[in-house]
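What follows is one structure encoded as structure tokens, with my remarks underneath.
The values are calculated or read from the model by the stated rules, or taken from the named source; none is laboratory data. Values in this document were obtained by computation on a predicted structure and should not be read as measured data. For neighbour counting, all protein chains shown are included, and Cβ atoms are generated from backbone atoms with ideal geometry for every residue, glycine included. Protein only, heavy atoms only, side chains kept; ligands, DNA and RNA dropped before computing areas. Shrake-Rupley method; radii C 1.70, N 1.55, O 1.52, S 1.80 Å.
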Amino acid sequence: MGYNTQAHKQNLWDVVVIGAGAAGMMAAATAGQAGARVLVLDHVDKPGRKILISGGGRCNFTNLKADWPYYRSANPRFCRSALARYQPRDFLALVEKHRIAWHEKEEGQLFCDHSAQQIVTMLEDECKAGKVRFSLGCSVIDVTHDGSVFTVKTSRDLVRARSIILATGGMALPKLGATDFSLRFARRFGLAVVPPAPALVPLRFSVPQPELAGVSLTVTATLQAQKKPSFTGGMVFTHKGVSGPAILQISSWWDGQGALKLNLAPGKEMYDEMRIICQKRPRAHGPALLEGLPVRLARSLAGKFLDDRPLAEQPAKAIRALAAQVESWVFTPEGTEGYAKAEVMRGGVDTAELSSKTMEARRVPGLYVVGEAVDVTGWLGGYNFQWAWASGVAAGQAAAERANMLI
């Protein structure tokens, strides 16, 4: 698909979509196929850059379980309407229409068999079917609104539009072109913003433990102050702290303070198991009590509670303390690894500012906000893509209907 990098001299567009990512292209294709004249602007030179690196390059394009309980927001039920009207099976039907082979990895997570490029190409083709025009490598400098028409000043020219769809995402992965544009744009039009933060992001220790770097295991992660949410999955020690699915998940709920609690042996009664090991192997040493954990981790933990004597000579109090540490390892992260390593940004445009049905700003008719720019953050595993598709469809349909009404 070719992209026009020259100034567009069209007098007035029905819809200008700012952002050529997942939500933006979905919104553009939807509006275009509904009959609207659509232009997509983006400061990067290629569309769908985050799509291309997602899912290890195979794009975890949706999750069959996607529904409002799997999202964090100041108003968790806000996303319910859009998700109900455009469901995972709807996007899957689009994938199959384009003959993209896919597979379910686990827990409803759907991936391309081959390459994430197939999803980008599919969205490009859908935009082409809607006669959508693209202007890439084109920065938006300013946007004004006279009450009926938006005027967008770009690095190339002035663009006028009946409606604007803001789809520039958040600040995660700046190396791919992510910026705080959506937040600045929202504030420019007086929209409230929920304070942003990196989400689905590795956490840092105040005192790094490089000797454990690379050690991985299954854990259950929760916030110390509350039992929910709780995530069981893989964790890996890094040179700076911890990462892995369970950590990325809980990071979206960690607000920068307070402690996390990790169960390093989910489903086990560690003290009971340790007592049995002591009876069966009285001459063994401390790490033997943690035979289900990686060796390096077992040695590190045992060394903090037990001395060099055999198990038969270890105080029951010390063994009980070791068991408690395994079942409830509490630590307070120093911080996260920031937007450079975050998969998404949480926070964004306050949902109280938007219609849950159309994604239109209540106080700025014709302005729609979709995807990651909105204060809706999904779990790991395809949920954020499904929100991009669903919110993009909702806004695209509404913007096209608005254009038809104004003609």
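Quick notes on this structure:
- For peptides 68-75, 336-343, 307-314, sequence by mean Cβ density within 10 Å, most packed first: 336-343, 68-75, 307-314
- Around Ala167: net Lys/Arg minus Asp/Glu count, Cβ-Cβ under 11 Å: -2
- The value for segment 223-353 of Rg(Cα) / (2.2 N^0.38 Å) is 1.29.
- Matching the structure-derived Cα Rg over 2.2 N^0.38 Å against the labelled list (i) 1.06; (ii) 0.95; (iii) 1.15 gives the label (iii).
- Solvent-accessible surface ranking, highest first, for His239, His145 at 1.4 angstrom: His239, His145
- Percent accessible area from carbon and sulfur atoms, the chain, protein chains only, probe 1.4 Å: 50 percent
- C-alpha center-to-center spacing [segment 337-407, segment 282-303] in angstrom: 49 Å
- Farthest towards the positive end of the charge dipole of the chain, among the residues Gln397, Trp379, Ala199, is the Cα of Gln397, using unit charges on the Cβ of Lys, Arg, Asp and Glu.
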